[in-house]
Amino acid sequence: MLTKTMMRLGAASALVLLAGCATSKNKADTQYVARDVSTLYNAGKYRLDRGQYKLAAALFDEVERQHPYSPWARRAQLMSAFSYYMNRNYNEATGAAQRFLSIHTGNKDAPYAYYLIALCYYEQIADVTRDQKITQQALDALGELIRRYPDTRYASDARLKIDLVNDHLAGKEMEIGRFYQRRGQWLAATLRFRTVVDKYQTTTHTPEALERLVESYLALGIPEEAKKAAAVLGANYPGTKWYDRSFKLIREYAPKA
C-alpha cells in the first residue's frame, strides 16, 4: 500500500511528466526530469489504479529509461506492457512484452509476458469476412505459450481460447466455401469444406461442412463421395438439420449410389 506522502509525490511527478507531454508531440521530445526510481514507479502505479493507462505506461517507460539497471526496471517493463494493453495500444503492449522477454527469458513472469502477447493478438481478431492474419498470429502466440509453459494457469486459459480461434478460422473457411458454391465453383468449394472437416473437426462448423460436401460432390457428379460424407454426418450428428438435408439430397439425387 502506498503511503499518502508517496501518493502525493507520485501524483506530483506524474503531473510534471504530463505537462512535458502536453507541450510536445513526440515522446522523444518530452522534457527530461530526473526522478528517483520509487517515485516514478509509484506514480505509474497511481495512474494505473485510476484508469489513466496512457500516462501510466509513459511513467513505467520512464522507469526503464532513467533507471535501466534497477530491479524496478524489469517490473516496470511488464507494467508498461499491461498499461498499453489496457489502453488498447496493442502494438506497444506487444513490443514492451517482447522487450521484457528478450532480456528476461527465464524470469518467473515470462509466462505472463507470453500470455499478454497472445491476448493482444486475440483481442484484435476480426469478423470472418475479413483477412485472418491476426487470427493466425493469435493462434501461434497461444500455441507458443502452451508449448513453453503447459502447466500454468495462463496455458489453461490459452487452450480455451485456441478452441475459439479454431472455430473462427473454420468460420472463415466456411464463408469462402459458400461463396464458391454460389458461383458454381464446386471443386474450390469442396476444398474449403474438406479443410474444415480435416483440420477443424472439433468446431461447431463441422456438421454444416459435411452437408456442404454432400451438395458439392453431387454437383460434381461423384455421388459415392457424397454418400460417404452423409454417412459421417449421420454417424456423428444424427439429430441435426444438416443431416436431414443431406439425407433428402442423397435420397433424391443418389438413391442407388
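The values are calculated or read from the model by the stated rules, or taken from the named source; none is laboratory data. If you're wondering where the values come from, they're calculated on a predicted model, not measured in any experiment. FYI the Cβ positions are ideal-geometry reconstructions off the backbone, even for glycines, and counts take in every protein chain you see. Quick note on the areas: whole protein, heavy atoms, side chains included, nothing else; ligands and nucleic acids left out. Shrake-Rupley method; radii C 1.70, N 1.55, O 1.52, S 1.80 Å.
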Checklist outcome for this item: In this structure, the FRET efficiency calculated for Asp163 and Ala231 from their beta-carbon separation, with R0 = 22 Å, to the nearest 0.05, is 0.25
Checklist entry - Rounded to the nearest 20 Debye, what is the dipole magnitude of segment 72-152 about its Cα centre when Lys and Arg each give +1 and Asp and Glu each give -1 at the C-beta? => result 280 debye
Item to check | Derived scalar couplings ³J(HN,Hα) [segment 38-44; Karplus, 6.51 cos²θ - 1.76 cosθ + 1.60; whole Hz; x for Gly, Pro] | outcome: 5, 5, 4, 5, 5, 5, x
Checklist entry - Measuring from centroid to centroid over Cα atoms, what is the spacing of segment 36-78 and segment 178-257 in Å? => result 56 Å
Next on the checklist: Rolling a 1.4 angstrom probe over the protein chains, ignoring ligands and nucleic acids, what is the accessible area of Leu191 in square angstrom, nearest 10?
Outcome noted: 110 Å²
Checklist entry - Taking a temperature of 37 °C and a viscosity of 0.692 mPa s, what whole-number D in µm²/s does Stokes-Einstein yield for segment 101-198 with Rh from Kirkwood over alpha carbon pairs? => result 223 µm²/s
Checklist entry - Tell me, in nm to one decimal, what length is gained between Lys133 and Asn107 on full extension, where the rule is 0.36 nm per residue of separation less the Cα-Cα distance? => result 6.4 nm
Checklist entry - In whole Hz, what ³J(HN,Hα) sequence does segment 179-188 give by Karplus (6.51, -1.76, 1.60; θ = phi - 60°), x for Gly and Pro? => result 4, 5, 4, 4, 8, x, 8, 5, 5, 4
Checklist outcome for this item: For 59-65, 118-124, ranked highest to lowest by mean beta-carbon neighbours within 10 Å, the order is 59-65, 118-124
Checklist outcome for this item: Rounded to the nearest 0.05, FRET efficiency between Arg178 and Met86 (Cβ-Cβ, R0 30 Å) equals 0.20
Next on the checklist: Just to be sure I understand the model, the point goes 7 Å from the Cα along the line to the Cβ. What's the resulting Thr202 to Ala219 distance in nm?
Outcome noted: 3.1 nm
Checklist outcome for this item: For segment 47-59, in residue order, the Karplus 3J(HN,Hα) values (coefficients 6.51, -1.76, 1.60; θ = phi - 60°; whole Hz; Gly and Pro = x) are 5, 4, 5, 9, x, 8, 5, 5, 5, 4, 4, 4, 5
Next on the checklist: So if the hydrodynamic radius of segment 145-257 is defined as the Kirkwood radius over C-alpha pairs, what does Stokes-Einstein give as its diffusion coefficient at 10 °C and 1.306 mPa s, in µm² per second?
Outcome noted: 106 µm²/s
